[in-house]
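**Q** Just dropping this structure here.
The numbers here are math on the coordinates, done by the rules we state, and not lab data. Worth saying up front: this structure is predicted, and the values here are computed from it rather than measured. So basically every Cβ, Gly included, is an ideal-geometry build from the backbone, and we count neighbours across all protein chains shown.
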Amino acid sequence: MKPNLRSAAAFIALVVSAAIPAHAAGSPAGAADSAARRLVGRMTLDEKITLLHGSTGGRASRAMGNEVNGAGFVPGIARLGIPALHETDATLGVVGAGLDPAGPKATAFPSGLALASTFDPDLGARMGAIVGQEARAKGFNVLLGGGANLARDPRNGRNFEYLGEDPLLTGVLAGAEIAGVQGQHVLSTVKHFVLNANETNRKTLDARIDPAALRESDLLAFQVAIERGRPGSVMCAYNRVNGPYACGNDALLDGVLKRDWGYRGFVMSDWGAVHATDYAVKGLDQQSGEQIDDKVWFGDLLRQAVQDGKVPQARIDDMAQRIVRSMLAVGIVDHPPQPSAIDYKGHAGTALEIARKGIVLLKNEGGILPLATHAKRIAIVGGNAQFGVLTGGGSSQVTPSDHGTFDTWVGGQNELGDLRKEGWIRSSPMDALKAALPGAEILYDPGIYPSDAAALARRADIVIVFATQHQFEGADVPDMTLPRGQDAVVAAVAKANPNAIVVLETGNPVAMPWADSVKGIVEAWYPGQEGGQAIAHMLTGAVNPSGHLPMTFPVDDAQTVRPDLPNLGADTHADVAVDYSEGAEVGYRWYAAKARKPLFPFGFGLSYTRFAMSDLKVSGGRDLAISVTVRNVGDRAGAAVPQAYLSSAAGRPLLRLIGFRRVELEPGQSSRVTLTADPRLLGHFDAAANVWKIDGGRYAVTVGQSSASAEITGQATVTARTLPAGWHPDESAR
Ligand code: BGC
């Protein structure tokens, strides 16, 4: 029998609004807590257990009566009006078809790194709202995103899904996306908790790190994302963290997340990340995709464990209560999914906007870009540019709403090798360039043989090489080189024609041995379903580039923390470990500490106009605040991204992003930007005392347009402070 959602909604609404007196319930979140407790009080043990484990979304769930085609399914409790959970991936668009007769097509957004390059939380919130809306219209009430892992390794196969290497940028953007999703009454799960920083042997890898450093880096990114986005769920990761598996990690789940941060939602496992029933007493609330695990740990085995007294009944109540509480808090009971038409055209506009704002111009020697209108003959080389743009692969891969796709099967010896394929979206940069430059002759070479490409390049005024690097969940790339001999193609083209430009479609930084011999370098990431247009708009100057790197681009592997990819070639099931010895000094912080000069620094990105900073005021006391004027001193409109970095704290040299703002400015226009640093970024985490400590003293701040451009500096005295581990900018918001 199907639950009657309408009457369920009415029932729950009654419980929340009437049965619980407002003063007793406190905040709306408090009301959801109390209402959930009452509902759980009416459940049998079997009903509670029903909520604690879920199926994959495929055939197995259809046998359980599920008609919504997605990634996961947890049956509801019709008697109490509790709906089933219909789960879909995720962060870059809706992956599952749901109930949509048109199948799995949805707005395919650019990669997370492209969104992060915009430095624009409002855009993240708008993207989240669209993804949430599409998920709901397809019959889903849970979105398995957004990803908030920090990029520690430039070869990690899932960095493209995430938001870069900085905890503030990642936390702010992930929080905005999650809030956007949940605003549509779709429950969002922040993932993968935590330190899932390499895909190689992700199901056995022990990610080792100093616990205090973890608080200041990856955990801080999640902490900020959770306090801003208030996700109904947290998805624990596949890997181990300092010994125990992430989904059975008492210290992280019960200790950090639930005790220190006071998190009231539920922890769901990643698909195939549970290894024992006793994870229930270590903080895991729900087993997902149970067919992928060795056993249904949270079904009959959990019931038995309760009956044997191994898992307290109170803990089962807590698990069920957290799940129901999040359903109520996000509104998936009052506002069930509504299969409905989707405004794909409108949504494509936002996908285009993110792609345009996320493209990063890295080099523009002699102003080769925007493309001169007098260029008569332009050669395009490689990257399937005559057909489309590349996407990242794995569970985040979206079928675009209004473009075809084509795939190349790749395979390989890794966990998901059988599923591995390069997916392309038919959004051709070459066609878009032809449309934008009707007076120019556009030639094409596939870039397979360097000599062919060079021969074509010789015949053109300008040559644009499209270079691609595919990334896929379940595997890292072994090194930072562009695959399939593309470096040789770029080198041959650059030798043949002095006016060479390289457009990269990559899921990570790549080495660029040819960087000095080309005039232009553009990082377009995986630009999503409108990517072809976005690239052409930026190359021709219809759009002024404004993206800034959310990850450092090192010169090569040798310059990184771990020159060799950890565990390269290990058997997929072998127990392996990675020592994240850089601790909290992730990315640009580590390069600064080691005085290494990367190819392009974090935060870097050029524009077709110029900006100047002036009048920096830094004030101290309890909080560190800065204000600065940013002016467009060039001759066309553009967006600046002033970034404030702490460069020393109470006498200790360091480098930390403490604030940023994206500002659109007309020529000659200026804007005063004011930022207040999150106090956790000023201090350090004292693991023994379990507090954040901010030392009193002089704090130096630099403001510029990248982590390496200290255009203007200032100082202030900050007073010493100690903050609880779960310090929250808005205590009442929990
Ligand atoms: C991925 C998750 C995803 C889940 C469900 C897992 O393999 O790691 O990110 O949400 O599958 O598709």
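**Q** S709 versus K345, label points 7 Å from Cα toward the beta carbon: distance in nm?
**A** 3.9
**Q** What lysines sit close enough to K138 to cross-link, taking a C-alpha to C-alpha distance under 20 Å and skipping anything fewer than 8 places away on the same chain?
**A** K2, K105, K345
**Q** Can you list the trypsin sites (Lys or Arg not before Pro) in region 363-435 that are in a DSSP coil and have 13 or fewer other beta carbons within 10 angstrom?
**A** Answer in residue order: K376.
**Q** Between Q413 and R37, how many nm apart are label points set 7 Å from Cα along the C-beta direction?
**A** 5.6
**Q** Right, something else. Give me the number: length gained by fully extending S619 to L723, i.e. 0.36 nm times residue separation minus the C-alpha to C-alpha distance, one decimal in nm.
**A** Extending this stretch completely gives an extra 35.4 nm.
**Q** Ok, one more. What is the dipole size for region 577-734, taken about its Cα centre, with +1 at each Lys and Arg Cβ and -1 at each Asp and Glu Cβ, in debye to the nearest 20?
**A** Around 240 debye, computed over region 577-734.
**Q** Using Cβ counts within 10 Å as a stand-in for footprinting exposure, how do F160, F266 rank, fewest first?
**A** Fewest to most other Cβ atoms nearby, the residues stand as F266, F160.
**Q** Find the centroid of the Cα atoms in region 606-626 and in region 227-290, then give the distance between the two in whole Å.
**A** Centre-to-centre distance over Cα atoms comes out at 39 Å.
**Q** If you average the sequence gap of Cα pairs under 8 Å that are 6 or more apart and divide by the length of region 525-648, what percent do you get for the contact order?
**A** Relative CO of region 525-648 lands at 28 percent.
**Q** Another question, then. Straight-line reach from K258: which lysines have a Cα under 28 Å away, not including same-chain ones fewer than 8 places off?
**A** The reachable lysines, counting only those whose Cα sits under 28 Å from K258, are K48, K191, K203, K282, K295, K310, K693.
**Q** Kindly put T107, T204 in sequence by how many other C-beta atoms sit within 10 Å of each C-beta, fewest to most.
**A** T204, T107
**Q** Rounding to the nearest 20 debye, state how big the charge dipole of region 236-275 is about its Cα centre with +1 on each Lys and Arg Cβ and -1 on each Asp and Glu Cβ.
**A** 60
**Q** Could you list T118, T408, T506, T717 so that the one with the fewest beta carbons within 10 Å of its beta carbon is first and the one with the most is last?
**A** T408, T717, T506, T118
**Q** Right, something else. Residue by residue through region 34-41, which ³J(HN,Hα) values in whole Hz follow from phi under the Karplus form 6.51 cos²θ - 1.76 cosθ + 1.60 (θ = phi - 60°), with glycine and proline marked x?
**A** Once θ is set to phi - 60°, the couplings for region 34-41 become 5, 5, 5, 4, 4, 5, 5, x Hz.
**Q** Any idea what the dipole of the chain comes to, in debye rounded to 20, about its Cα centre with Lys/Arg Cβ at +1 and Asp/Glu Cβ at -1?
**A** That gives a dipole near 1280 debye.
**Q** If you keep only loop residues by DSSP, which trypsin sites (Lys or Arg not before Pro) in region 471-570 have at most 16 other Cβ atoms within 10 Å of their Cβ?
**A** Numbers: sites: R484, K495, K519; in loops: R484, K519.
Here the trypsin sites (Lys or Arg not before Pro) that fit, given the DSSP loop and packing criteria, are R484.
**Q** Could I ask something else about it? Counting other Cβ atoms within 10 Å, which trypsin sites (Lys or Arg not before Pro) in region 247-312 have at most 15 and lie in a DSSP loop?
**A** Values: sites: K258, R259, R264, K282, K295, R303, K310; in loops: R264, K295, K310.
For trypsin sites (Lys or Arg not before Pro) across region 247-312 that sit outside H, G, I, E and B with at most 15 neighbouring Cβ atoms in 10 Å, the list reads K295, K310.
**Q** So, one more: Taking 0.36 nm per residue of separation and subtracting the Cα-Cα distance, what length does fully extending A637 through R459 add?
**A** Working: separation 178, 0.36 × 178 = 64.08 nm, distance 3.43 nm.
This chain segment gains 60.6 nm when fully extended.
**Q** With both partners inside the chain, how many of the DSSP beta bridges are antiparallel, as a percent to the nearest 5? If you can, show how the numbers build up before the last one.
**A** On the way: 64 of 108 bridges.
Bridges in the chain that DSSP calls antiparallel: roughly 60 percent.
**Q** Let me ask another. Aspartates and glutamates within cross-link reach of K594: Cα-Cα under 12 Å, excluding same-chain residues under 8 positions apart?
**A** Reachable aspartates and glutamates: E582, E585.
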